[in-house]
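Each remark here refers to the structure printed beneath this line.
The values are calculated or read from the model by the stated rules, or taken from the named source; none is laboratory data. Owing to the predicted nature of the structure, the values given are computational and were not obtained by experimental measurement. Counting neighbours? That spans all protein chains shown, and the Cβs are built from the backbone with ideal geometry, glycine included. These accessible areas exclude ligands, DNA and RNA; they are computed on the full protein's heavy atoms, side chains included. Shrake-Rupley method; radii C 1.70, N 1.55, O 1.52, S 1.80 Å.
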Amino acid sequence: MSINPLSISQEGRRRVVIESVHPEVDCGRFPVKRTAGEKVTVEADVFGDGHDALACVLLYRKDGAGDWIEMPMRLLANDRWRGEFEVAELGCYQYTIEAWVDHFQTWRRDLMKRLAADQDVSVDLLIGARWMEEAASRARGADEIGLREGSRQLREPGEDLDKRELALNSDLADIMRQYPDRRFAVRYGKELSVTVDRPKARYSTWYEMFPRSSAAAAGAHGTFCDCERRLDYVAGMGFDVLYLPPIHPIGRTFRKGRNNVPTAGPDDVGSPWAIGSEEGGHKAIHPALGTMEDFERLVAAAAGRGIEIALDIAFQVTPDHPWVREHPEWFRKRPDGSIQYAENPPKKYQDIYPIDFETPDWKALWEELRSVFLFWAGKGVRIFRVDNPHTKAFPFWEWVIGEVRRKHPGAIFLAEAFTRPKVMYRLAKLGFTQSYTYFAWRNTKPEITQYFTELTQSTVREFFRPNLWPNTPDILPEYLQFGGRPAFIARLILAATLGASYGIYGPAFELCDNAPREPGSEEYLHSEKYEIRQRNLDDPWSLKDIVTRINRARRENAALQYDHTLRFHDVDNEMLICYSKIAPDGSSAVLVVANLDFNHTHSGWVNLHLDSLGVDHAQPFQVHDLLGEGRFLWQGSRNFVELDPKVSPAHVFRIRRKTKTERDFDYYL
């Protein structure tokens, strides 16, 4: 039999196998995601031939650092090992795993068994002395001296009792672990990576507002100064991101009229997503909104209230955009020489030209699009909501997000990609920080449970961060159209508690605007996309108070600032849904019970997983409703709940438990 020369030339004494590493996205092609201060927990199957003990370490380093930092991994069960490290800074980290046969720990383990069986261990002690002597050659200082002395004592003739105590000494074992023989160590074949964002990438609270609708006077075109006056309203409800639709000049050619009619009247303002006119393109501001100085003042004023401005970046143009004149090669031509406008047959969007990412001049195109992000970053913007990224080339997004983040590591990109799941996930892998989801169309308990289990408990959670929106200017779901105020409250609570990041399109949401353009449509009647809409922010029916309370609950309970601890609990009524979240450090635990039927009262028994909540089965615990301020004393896993949607469609409970040494419920999970 011939022997493969490649095999015989390899080091055949490497006896350890490392496989099934988690987290690992697409075989290491893409990084996993964390925010600064979080931990990366790594698991792997690590095993070798025979019965020798193994040692396993997790190696990690910040991008650009030379040396690896080692963290020991511990054996869980069935050859599965786990370790973790903390990512403290923005940027990129690498990690991998290394393992080897640990002869000393094997010897020590077997020695214990032999002593327990009252066997003669004189020869075994000499073997241990040899391992200690070899380790001493790798040690320095006091450790070297101690190991050589220990080796000498094990070799000396005489009574074995002291030798046995020395051999089994735990301090000796710890020292030996510091100086292992790693000549035949095996390192995992890949260096995996972690992208580290700032905490707002994980936890953020968004409010969308059309600047042109912010004027106090009826019919007037709003300005950035009007937006500035509205900041206290937005901050008062507890939002930390104010998202503005495109603020650029709007084209006049084929401008759409009110309710998206094909022909605009002389006073129609057009759609903000129809970008470009003689006043400029993606780096210009609509003159009616104000000046660049006004915008920069708005950004600063928002920051003073703890709010960041997020800008909509929509890479599409009107026929009036400067790029059409200056770079006609960036657009696809039809056989008659005209530029191909946007279509989603049978719908036609004559006011929009899509960009051709197959243009021979693609490099110049990419550089120009990158310059748009960098321009607005230079004006203080660090959050970008990207319109329809799934209609642009994937390689472009991976490149441009990396380019922007190199200059601005804290930049956040939200993908508005209501498209197929695999496409949405690919965009997240390519670098998008957050993504819109299918939440707006998940209404039943099975739909919600299945979808959010996938988002938070599968590998998807390693790269995809959901941002939940119960409504957008494009989406008025049927649930809101028919459910009225109770439906708005229910969807608000679900969005704000299922997701660490969520947003609402206001003031349409808090004022419960639920009139569709026509039956069966998800488009708003009198949509702000095509006209100015002033609304009464002081309407007594406004939901701003409940919005404020739910956002306060999110700020004060770290459990609601994470996604991966989401867990669903059983309820014996299909119209009631129950789930919990716990802060990673155990500082808070929140339990939500919601009525999914906006018309009828429902009751049922919830069956809680008390162990996952950290609640003692034998001790009573208190649940404090953060919305209604009610307090209830529960005990055991089964407890009764009744919810009238016209009173409150949901409970958001903060869980308190009574400890063995406390008489009052002063301890917060």
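Of note:
- Sorted into 10 angstrom bins from 0, the C-alpha pair distances of the range 382-529 split as 11, 38, 34, 16, 2 percent.
- Sorted from greatest to least, the principal axis extents spanned by the alpha carbons of the range 2-108 come out as 50, 37, 25 Å.
- Heavy-atom surface of the range 514-669, accessible at 1.4 Å and reported per residue (Å²): 47 Å²
- Taking the charge dipole of the chain about its Cα centre, with +1 at Lys and Arg Cβ atoms and -1 at Asp and Glu Cβ atoms, the residue from CYS56, LEU311, THR359 reaching farthest to the positive side is THR359.
- In nm, spacing of pseudo-spin labels at ILE145 and ASP49 (7 Å Cα→C-beta vector): 4.3 nm
- In this structure the amide hydrogen of GLY628, modeled in the peptide plane, comes within under 5 Å of the amide hydrogens of VAL652, none closer than 5 places in sequence on its chain.
- Taken about its Cα centre, the chain carries a charge dipole of roughly 380 debye when the Cβ of each Lys and Arg holds +1 and the Cβ of each Asp and Glu holds -1.
- Structural descriptor for the chain: relative contact order 10 percent, calculated from alpha carbon pairs under 8 angstrom and at least 6 residues apart.
- Gain in span if fully extended, LYS379 to ALA393, counting 0.36 nm per residue against the direct Cα distance: 2.4 nm
- Trypsin sites (Lys or Arg not before Pro) restricted to the range 333-401 and DSSP loop, no more than 12 other C-beta within 10 Å: none
- Three-way shape label, the range 577-657, alpha-carbon gyration tensor, a/c 1.5: prolate
- Computed over Cα pairs, the Kirkwood radius of the range 23-177 leads via Stokes-Einstein (1.306 mPa s, 10 °C) to a diffusion coefficient of 88 µm² per second.
- Loop sites in the range 75-171: GluC sites (Glu not before Pro), DSSP, at most 15 other Cβ within 10 Å: GLU89, GLU159
- When DSSP beta bridges are restricted to pairs lying wholly in the chain, around 75% turn out antiparallel.
- Anisotropy class of the range 196-244 from Cα gyration tensor, a/c 1.5 cut: prolate
- Projected over every direction and averaged, the convex hull enclosing the alpha-carbon atoms of the range 330-369 yields 3.4 nm².
- Candidates per trypsin sites (Lys or Arg not before Pro) in the range 98-147, loop by DSSP, up to 11 other Cβ within 10 Å: ARG140
- Förster radius 56 Å - calculated FRET efficiency between ALA364 and GLU11, Cβ distance, rounded to 0.05: 0.65
- The phi torsions of the range 190-205, fed into the Karplus equation with coefficients 6.51, -1.76 and 1.60 and a -60° offset, translate into couplings of 10, 9, 8, 10, 10, 8, 10, 9, 6, x, 5, 5, 8, 9, 8, 10 Hz, rounded to whole numbers, with Gly and Pro shown as x.
- Measuring between alpha carbons in the structure, the pairs from LYS392/LYS429; LYS333/LYS392; LYS113/LYS163; LYS256/LYS379; LYS62/LYS190 lying more than 23 angstrom apart are LYS256/LYS379.
- Accessible area of the chain belonging to carbon and sulfur atoms, whole % at 1.4 Å probe: 50 percent
- Cα shape, the range 120-177, gyration tensor, a/c 1.5 rule: prolate
- Site pair ALA77 and GLN450 shows an inter-label distance of 3.0 nm when each label is modelled 7 Å from Cα along Cα→Cβ.
- A cut-off of 5 Å between modelled amide H atoms, ignoring neighbours fewer than 5 places along the same chain, links ILE383 with LEU311, ILE412.
- Taken along its three principal axes, the alpha carbon spread of the range 232-289 comes to 40, 27, 15 Å, from the longest extent down to the shortest.
- Of all DSSP beta bridges confined to the range 242-382, the antiparallel ones make up roughly 75%.
- For the range 396-404, the Karplus equation 6.51 cos²θ - 1.76 cosθ + 1.60, evaluated at θ = phi - 60°, returns couplings of 4, 5, 4, 6, 6, 5, x, 5, 5 Hz by residue, with Gly and Pro reported as x.
- Maximal additional length on extending the GLU86-ARG517 stretch stands at 150.1 nm, based on 0.36 nm per residue less the C-alpha distance.
- For ARG555 and SER122, the FRET efficiency from 1/(1 + (r/R0)^6), where r spans their Cβ atoms and R0 equals 51 Å, is about 0.15.
- Estimated vicinal HN-Hα couplings, Hz - the range 510-519 in sequence order (Karplus 6.51, -1.76, 1.60; Gly, Pro = x): 5, 9, 6, 5, 9, 8, x, 4, 7, x
- Distance between the range 583-611 and the range 323-367 - C-alpha centres, whole angstrom: 50 Å
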